[in-house]
1. Pairing the Cα long axis of helix 36-52 with the longest principal axis of the chain, what angle in degrees results, from 0 to 90 and rounded to the nearest 10?
2. Answer with one residue from Trp48, Pro27, Leu8: the one whose Cα lies farthest towards the positive end of the charge dipole of region 1-52, charges on Cβ with Lys, Arg +1 and Asp, Glu -1.
3. For Lys43, which lysines qualify as cross-link partners when the Cα separation must be under 21 Å and same-chain residues fewer than eight apart are set aside?
4. Between (1) 1.49; (2) 1.67; (3) 0.97, which matches Cα Rg over 2.2 N^0.38 Å calculated for the structure shown?
5. Scan the chain and hand back the longest stretch that contains none of the chymotrypsin sites (Phe, Trp or Tyr not before Pro) lying in DSSP loops with at most 14 other Cβ atoms within 10 Å.
6. Select from region 16-72 those GluC sites (Glu not before Pro) which occupy a DSSP coil region and have at most 16 other Cβ atoms within 10 Å, ordered by residue number.
Amino acid sequence: MPYSKFTLSKAVDDFQLTIVEGDRFLPEIPPVNPSSLLKDTLKETVPWAVAVGSEKARFEGIMNILTELYMG
């Protein structure tokens, strides 16, 4: 089905889904303080990623954050 023809109600009907509203999808997690390296890296790379606007640029910005969380 092309995306332009997708509707939530059609997906619910076709796959016999149940919509649950109000519950949390992810568990509560404590906040993580970013390292000074991550802060400095984002300060330099975010303006570039926004200016370029490509998916690759956004991915590289997200990758910095994911690396920080993994190494954390």
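All of the numbers you see were taken from the coordinates with simple rules; none came from a lab. None of the values given here were measured: they were computed from a predicted structure. Note that each Cβ is placed from the backbone with ideal geometry, even for glycine, and that neighbours are counted across all protein chains shown.
1. 60
2. The residue sitting most towards the positive pole is Trp48.
3. Lys56
4. (2)
5. Numbers: sites that count: Phe6, Phe25.
The longest such stretch corresponds to 26-72.
6. The qualifying sites are Glu21, Glu28.
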